[in-house]
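Where a number appears in this text, it was derived from the coordinates with a stated rule and is not lab data. This structure is a prediction, so every number in the text was calculated from the model and none was measured. Note that we place each Cβ from the backbone using ideal geometry, even for glycine, and neighbour counts take in every protein chain shown.
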Amino acid sequence: MDFTLGEPANVLREDLRRLIKDNVPAEFRGAFTDDPGDLETAQAFCRFLAERDLLCLAWPEEFGGRGASVWEQTVVREEMWAHHEPRGAQYMGVNWVGPTIMRHGTEAQQQLHLPPIARGEVIWCQGFSEPGSGSDLASLRTAARREGDGWSISGQKIWTSYATMAQWCFLLARTSSGERKQHGLTVFLVPMSDPAIEVRPIRAMLGPHHLNEVFFNDLKVTQAHVLGTVDEGWKVVQEVLAFERVGIARYARCEKLLQEAPEVLGDEWDNLPAELLARWARMLVHCRRARLLAYRVVSMQSQGQVQPADAALYRIAVTTLDQASASVLAEIATYAPMTGEAAEGFRLDVQAHWGYSQAATVSSGSIEMQKILLARNLLAAS
């Protein structure tokens, strides 16, 4: 069976690698470090991609895309993540904020939000998790109360990535209560520049901008800020989470580093313990498994058939791969030469991969919740 994506995808992959090599510094290992120049690099690269119709490749042309296939967009996801995501936070707007607004937004919302995303000019953050309402998202307490023709929103969000730099927030709040906690939730698109919004950074080893607390202190919004139907935001969120969980091609970075290891170690590779070599080979197999699960979900998404459990299965596989491969790579890196540009770069790449992988099984829904979701689906189908 042939699992390749075809010659056009191969050409695109090579073009992306060349563009990254020519326009992203070799020492770049993520946009959200202590060096503000890394964020500037990512923002400039996003605009560079947008000018070449590569940022929102698979978006419809009327929304600023090229109308390419989902498989070409998959290639973009893989190459970006394999090279430390030089789009910075833009993947959020490209992968799911923009497409969600296409499907559920009004014409005015589409005209306001989609062009800046397609041009790589705007950063979004996600107002979902709260203290006590992380994996159990539907139990959130941030409330939007009716005030005339609009709402007043008050509450707290936590673990909000990019909140210090984002211009807009994709916010989930409770607008009413019902028999089920999933009822009565509404999505709002709110500007982060509003003085009623306060952001407090949370220090973490992932670097600046990744984790924040966000407080909404009687934030005034109108109907123009509502995405979709009032009280039916849970349907939108379920769709969003399915796209978000497959949107980051974590397996691509794992495989790239695993494939680089023998070349970096050179003659020392043959001196690695047999047990470590076996774990390395096992990780490569797991990379292929995660990649094929991702392709399965992408294919189902393109046909409008994806269910949350499908994304959960992929999420379980790829996040455990992220952490397991990071552990293997960290051990392999101790055998790398102490000097030399390639060896030093490899160690730094592995270090960055290891640090980011530690949160993999918690972010976007903990692995425990993914397993519960998958188990419920299997039981319902039996």
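Couple of notes before you dig in:
- Extended-chain gain in nm, criterion 0.36 nm per residue less alpha-carbon gap, residue 335 and residue 17: 111.7 nm
- Per residue Cα convex hull volume in Å³ - calculated over the chain: 149
- Two-decimal Rg to Rh for region 7-122 - Kirkwood Rh, Cα set: 0.97
- Sorting the Cα pairs of region 1-67 by distance into bins of 10 Å, from 0 upward, gives 18, 38, 32, 11, 1 percent per bin.
- The listed peptides 113-126, 347-360, ordered by packing as a protection proxy, come out as 113-126, 347-360 (highest mean of other Cβ atoms within 10 Å first).
- Inter-label distance for residue 282 and residue 181, nm, one decimal - labels placed 7 Å from Cα along Cα-to-Cβ: 3.6
- Modelled spin labels at residue 44 and residue 351, positioned 7 Å past Cα toward Cβ, are 2.4 nm from each other.
- Dimensions (Å) - region 129-181, Cα atoms, principal axes, largest first: 32, 28, 13
- Note on region 30-96: Cα convex hull, mean projected area over all directions, 4.2 nm².
- Volume per residue for region 249-381 equals 108 cubic angstrom (convex hull of Cα atoms).
- Extending 7 Å from the Cα toward the beta-carbon at both residue 305 and residue 229 defines two label points whose distance is 2.6 nm.
- Difference of contour (0.36 nm per residue) and Cα-Cα distance, residue 342 to residue 320: 5.2 nm
- Cβ-Cβ FRET estimate between residue 204 and residue 260, R0 fixed at 25 Å, reported to 0.05: 0.40
- Tilt relative to the chain, helix 107-118 - C-alpha long axis, 0 to 90 degrees, to 10: 20
- Candidates 163, 140, 114 compared by Cα position along the dipole of region 91-181: farthest toward the positive end lies 140, with charges placed on Cβ.
- Peptide packing for 265-271, 26-32, 252-258 was compared via the average number of neighbouring C-beta atoms within 10 Å per residue; ordered from the highest value, the list is 252-258, 26-32, 265-271.
- Short-range pairs are left out: with C-alpha atoms under 8 Å and at least six residues apart, the relative contact order of region 249-381 is 35 percent.
- For the chain, the longest principal axis of the alpha carbon atoms and the long axis of helix 233-247 meet at an angle near 10°.
- When the charge dipole of the chain is built from unit charges on Cβ atoms (+1 for Lys and Arg, -1 for Asp and Glu) and taken about the Cα centre, the candidate among 6, 215, 95 whose Cα reaches farthest toward its positive end is 215.
- Protection proxy ranking, peptides 289-302, 145-158, 333-346, average beta carbon neighbours within 10 Å, highest first: 289-302, 145-158, 333-346
- All Cα-Cα separations within region 71-163 were binned at 5 Å from zero, giving a P(r) of 2, 12, 15, 17, 20, 18, 9, 4, 2, 1, each value a whole percent of the pairs.
- Relative contact order (percent, whole number), the chain, Cα cutoff 8 Å, 6+ residue spacing: 14
- Multiplying the residue separation of residue 139 and residue 375 by 0.36 nm and subtracting their alpha-carbon distance yields 82.9 nm.
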